[in-house]
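Reviewing the structure listed below.
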Amino acid sequence: MGGYGDVKLLREDGLRLDGRKVDEMREVQVEAGVLPAAEGSAWVKHGLNVAVCAVYGPMEAHPRKIQRQDRAVIDVRYNMAPFSTSDRIRPGFNRRSREISKVTAEALESVVLVERFPRSKIRVEIEILAAEAGTRCVGITAAAVALADAGIPMRDLIVGVASGKIEDTVVLDLDKAEDNYGQADLPMGILPTTGEIAFLQMDGDLSVEEYNTCMEYNLKAAREIHVLMVDALKRRYTEKNGGEA
Amino acid sequence: MGWRVAGLGEKEMSGAKKGAELRLVTPGEAIGASSGARAGTGTLIMGDNIIATRVGWAKEFNGVTSVDPIHAAYMPRSGDLVIGVVESVRNNLWFADVNGPFNGLLPMSLAPWKVEFGAAREQMDIGDIMLARVQEVDEAHNVVLTMKGVGLRRLKEGIMSEISMNHISRLRGDEDSTLRQLKEASGCRIIVAENGRVWVDGDSDGIAFMRTVLDLVRNEGHKAKFSASMEALIEERRNA
């Protein structure tokens, strides 16, 4: 990343190519409890990204060597479906999915009360059905809802959001073109009630001011998504919105 | 919001009077101030607030704020009555799946039989079902089971089914009232164990009725209309 110079990502009127303002998020939809076989599950649609997450456990950790005597291990498997992008992705684990699985697991470990389940394993399966930049953030959001749905104790619901820089302008929630041809990308895992950051990656360069603006945008977006996550979890058990009573 | 109504002595957190609906909370949600209150199960003290750690119904009882989780895995506690399935057998002990994260261990010394070393399989083999009690659980979640006690035995006949943890109290009803009605209506022997497993034994007709009941619990146990559906089912059976 470093910009492609001649690619126009901002329109004359200051809006982005898809008509969003610089601090505007793509539309987000959250559903909890979508998979019957899983202990907990979630479906998240963020712009054109679609992620489904299933949580199993806590269960006995196998192989035995991965067990921790004082806490649970979180086993995350992030996977993109072969049909999720325009170029077919070869099925199976690759370097990218391995990295994202690892960072997601670390982000989740800081919110889940892992010390409650020594020697056990919590399996989190994130499947990206459609991808349009920012899938790791969508995966984290889906995982948080699925973990809560599974009844696993957590300090907070972690939200994945990203900001970045295009044409020297800081923007919230990059779409595919902005991610590919932009200058920087800053995905974060945020605990919305306390504002703590459980996960942060940065691709590209940002000045301190730009970074602070990104932070501000991300926090604002995290709170908005958090409302939707809480609503999805509560909707399962209430009569409101046509949910089950 | 929702159906869960405060029971006797429970002070609901919605600010309304007794009998009002409890508040549905999600992880990270502040339930109340930490000063003066104690944090019970499903909660955590963070700064000035008590926060929920699970999706469930917030309640206060005797100054303890806690959350009744809607969905939770079975966590063995000593004294629990459990139904276990034998998963592996050693010379002098059995390992049983108790529907929790870890297998329970039943040593020969806590089994009701005198068996020679190496002959454990003669009494109970893999796949056999036992009614046991949790003897102890240590800090590393090792579960020791015992079969020494009144009524604890190998279950040789009947059916075993599983329901989710939060539905156990729904199946039992207030002071086991629903369970008593079901026993009477079905003519079956029924054991609802603490680990979400249910054992039913009786004639095939009674068992078939209990299967419909358990399906109802699984599908509607968390809904407001559950009590009415259950009563209707029992009534229908009585009149049949």
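The values are calculated or read from the model by the stated rules, or taken from the named source; none is laboratory data. Note that the coordinates shown come from a computational prediction; the quantities given were computed from them, not determined experimentally. Here the Cβ is made from the backbone with ideal geometry for all residues, glycine too, and neighbour counts use every protein chain on show. Surface accessibility is based on the protein's heavy atoms, side chains included, excluding ligands, DNA and RNA. Shrake-Rupley method; radii C 1.70, N 1.55, O 1.52, S 1.80 Å.
Figure legend: label point modelled 7 angstrom from the Cα of B:R211 along Cα→Cβ; residues of region B:157-171 with amide N under 17 Å from it are B:157-163. Around the amide H of A:S84, modelled in the peptide plane, lie the amide H atoms of A:I89, all under 5 Å away and 5 or more residues distant in sequence or on another chain. Estimated from helical segments only, the mean residue ellipticity of the protein assembly as shown at 222 nm is -7500 deg cm²/dmol, where each DSSP H run of four or more residues counts as -39500 (n - 2.57). Applying a DSSP loop filter and a limit of 16 other Cβ atoms within 10 Å to the chymotrypsin sites (Phe, Trp or Tyr not before Pro) in region A:1-76 leaves A:Y4.
Here the ratio of the Cα radius of gyration of the protein assembly as shown to 2.2 N^0.38 Å is 1.11.
Listed values for region A:46-56 are Karplus-derived 3J(HN,Hα) couplings in whole Hz (6.51 cos²θ - 1.76 cosθ + 1.60, θ = phi - 60°), namely 10, x, 9, 6, 10, 10, 10, 10, 10, 10, 10, and x replaces Gly and Pro. Excluding ligands, DNA and RNA, the accessible surface per residue across region B:25-91 is 40 Å² with a 1.4 Å probe. Can you give the FRET efficiency for B:S229 and A:D6, using 1/(1 + (r/R0)^6), R0 = 45 Å, r = Cβ-Cβ distance, to the nearest 0.05? With a Förster radius of 45 Å, E is 0.10. Applying the criteria of a DSSP loop state and at most 16 other Cβ atoms within 10 Å to the chymotrypsin sites (Phe, Trp or Tyr not before Pro) of region B:102-186 yields B:W113, B:F117. Taking the empirical scaling 2.2 N^0.38 Å for compact globular proteins as reference, chain A has a Cα radius of gyration ratio of 1.02. Taking a Cβ cut-off of under 10 Å around A:Y217, the surrounding Lys, Arg, Asp and Glu residues balance to a net charge of -3, with basic ones at +1 and acidic ones at -1. Rounded if a/c is under 1.5, else prolate if a/b beats b/c, else oblate: with a ≥ b ≥ c from the C-alpha gyration tensor eigenvalues square-rooted, which is chain B? Verdict is oblate for chain B.
Taking the inverse of the mean 1/r over every pair of distinct Cα atoms in region A:95-144 gives a Kirkwood hydrodynamic radius of 11.9 Å.
A Förster distance of 56 Å, applied to the separation of the beta-carbon atoms of B:E87 and A:E24, puts the FRET efficiency at 0.55.
Averaged over residues, the count of other Cβ atoms within 10 Å places the peptides A:68-74, A:170-176 in the sequence A:170-176, A:68-74, highest first.
With Cα atoms as the point set, region A:109-245 shows a radius of gyration and Dmax of 16.3, 50 Å. The alpha carbon centroids of region A:82-150 and region A:1-67 are separated by 10 Å. Per-residue shielding of A:153-161, expressed as the average number of other chain Cβ atoms within 10 Å of the residue Cβ, stands at 5. Charge tally for B:L216 (other residues, Cβ to Cβ under 13 Å; Lys, Arg +1; Asp, Glu -1): +2.
Tell me, how many Å apart are the Cα centres for region A:162-189 and for region B:166-189? Here the answer is 58 Å between Cα centres. Diffusion of region B:101-240 by Stokes-Einstein, at 4 °C in a medium of 1.567 mPa s and with Rh set to the Kirkwood radius over alpha-carbon pairs, works out to 77 µm²/s. Taking the longest Cα principal axis of chain A as reference, the axis of helix A:95-109 is set at about 60 degrees.
Derived scalar couplings between HN and Hα for region B:130-147 equal 10, 9, 9, 10, 7, 6, 7, 10, 8, 5, 8, 6, 6, 10, 10, 9, 9, 10 Hz in order, rounded to whole Hz, by the Karplus curve 6.51 cos²θ - 1.76 cosθ + 1.60 (θ = phi - 60°), x for Gly and Pro.
Remark: region A:20-25, residue by residue, has Karplus-estimated 3J(HN,Hα) of 7, 6, 5, 9, 9, 8 Hz, where x stands for each Gly or Pro and the curve is 6.51 cos²θ - 1.76 cosθ + 1.60 at θ = phi - 60°.
Note: region A:1-74, Cα convex hull, 191 Å³ per residue.
In whole angstrom, region A:95-182 maps to an equivalent ellipsoid with semi-axes of 29, 13, 11, each derived as √(5λ) from the alpha carbon gyration tensor and ordered largest first.
For region B:133-177, the Cα-based Rg and Dmax, in that order, read 14.1, 36 Å. With a 1.4 angstrom probe, the accessible area lost at the B-A interface totals about 2600 Å². With a simple spin-label model that places each label point 7 Å from the Cα along the Cα-to-Cβ direction, the separation between B:R77 and B:I126 comes to 3.4 nm. Normalised by residue number, the volume inside the convex hull of the Cα atoms of region A:139-206 is 85 Å³ per residue.
Note on A:229-236: average number of Cβ atoms from other chains within 10 Å of each residue's Cβ is 4.
Across peptide B:49-56, the mean count of Cβ atoms from other chains lying within 10 Å of each residue's own Cβ comes to 6. Using C-alpha pairs under 8 Å with a sequence gap of at least 6, the mean separation divided by the residue count of chain B gives a relative contact order of 13 percent. Residues whose amide H lies under 5 Å from that of A:N49, counting only those 5 or more places away or on a different chain, are A:E132; hydrogens are built 1.01 Å from N in the peptide plane. The reciprocal of the average 1/r between distinct C-alpha atoms defines the Kirkwood hydrodynamic radius, which for region A:1-138 equals 17.2 Å.
Taken as entire DSSP H runs, the helices of chain B that both span 15 Å or more between Cα atoms along their own long axis and average -1.0 or more on the Kyte-Doolittle scale are B:204-220, B:226-239.
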